[in-house]
């Protein structure tokens, strides 16, 4: 893929996005919990895939991610969000990707 030349404004927007990626992921995960509670059966598989992507990006312990995905219970995902917000569960506490 060819590298694009971005304007200074675009570079600042991109930089701010990546500087705030953790907060964005936290917010999206919280919103996903609500969406999963309200979702129809047809919508749930896509929402669970989004949740898994975010949990993987947060580098949480794989056992926790697997447990959440196996249960497919919004209450379990809500518990993860609560632990992240309270500081009991830290980002990057799982193995880093190679």
> What's the angle, to the nearest 10 degrees (0 to 90), between helix 44-57's Cα axis and the longest principal axis of the chain?
Replying inline: 60
>> Checking the a/c ratio against 1.5 first, then a/b against b/c, what shape does the Cα gyration tensor give for segment 8-86?
In response: prolate
> For the chain, what is the calculated [θ] at 222 nm in deg cm²/dmol (nearest 500), taking -39500 (n - 2.57) for each run of four or more DSSP H residues and dividing by its residue count?
Replying inline: -22000 deg cm²/dmol
> Pick from 11, 59, 23: which residue has the top mean-square fluctuation in a GNM of the chain where Cα pairs under 10 Å get a spring?
Replying inline: 11
> Once the piece of chain linking residue 44 and residue 76 is laid out straight, how much longer is it, given 0.36 nm per residue of separation minus the C-alpha distance between them?
Replying inline: 10.0 nm
> Nearest 10 degrees, 0 to 90: what angle lies between the long axis of helix 8-19 and the longest principal axis of the chain (Cα atoms)?
Replying inline: 30
> Angle between the Cα long axis of helix 74-86 and the longest principal axis of the chain, 0 to 90 degrees, nearest 10?
Replying inline: 60
> Which value in nm describes the separation of the simple spin-label points at residue 23 and residue 62, placed 7 Å from the Cα toward the beta carbon?
Replying inline: 3.2
>> Give me the one-decimal nm value for the distance between modelled label points at residue 88 and residue 15, 7 Å along each residue's Cα-to-Cβ direction.
In response: 3.8
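Just so you know, all these numbers are worked out from the coordinates, no wet-lab data involved. From a predicted model like this one, the values you see are computed outputs, not experimental measurements. Every residue, glycine as well, gets a Cβ built from its backbone with ideal geometry; the counts of neighbours run over all protein chains shown.
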